[in-house]
Structure formats: C-alpha cells, structure tokens
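All remarks here apply to the structure that follows.
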Amino acid sequence: MSPRWEPNPEIRTGRHVAYHLHAHLVFVTKYRKGVFDDAMLRRCEEIMREVCG
C-alpha cells in the first residue's frame, strides 16, 4: 500500500472490489413478462429519490 493512502472506514474493500453500498434493491417477480413498464419504473425512481433525499 502507498504510504499516502489513508483507509476510509465507510468504503468496504475485498480482494478485487471496493464499494460504498447504502442500499441494494432486488425486485423479484413470479413471471418476467413486462411487469415493470416505463411509467412504473419512473414512479419507482421518483420514490427512491425522495426517500434518499
């Protein structure tokens, strides 16, 4: 490691990764048949932005 590098406790690291993850959302549907249309995805984005803000 470089002597100038100071570890950040908020950034997790692994052997081949470095990440700063706040949330990981997984949407599971029973059948993958166009369940999420454009309008629904836009609304989900609006809600997530409001919550994260």
Can you give the percent of C-alpha pairs in the chain whose distance is more than 14 Å?
73
Give, in nm to one decimal, the length gained when the segment between Val35 and Ala23 is fully stretched (0.36 nm per residue of separation minus the Cα-Cα distance).
2.1 nm
Tell me the angle of helix 38-52 to the major Cα principal axis of the chain, expressed in degrees between 0 and 90 and rounded to the nearest ten.
40
Once you charge only the Cβ atoms, +1 for Lys and Arg and -1 for Asp and Glu, what is the size of the charge dipole of the chain about its Cα centre, to the nearest 20 debye?
320
Order Arg32, Arg49, most accessible first, counting only protein heavy atoms with a 1.4 angstrom probe.
Arg32, Arg49
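The values are calculated or read from the model by the stated rules, or taken from the named source; none is laboratory data. Computed from a prediction, not measured in an experiment: that's the story for all the values here. With ideal geometry, Cβ positions are generated from the backbone for all residues, glycine too; neighbour counts draw on all protein chains shown. Quick note on the areas: whole protein, heavy atoms, side chains included, nothing else; ligands and nucleic acids left out. Shrake-Rupley method; radii C 1.70, N 1.55, O 1.52, S 1.80 Å.
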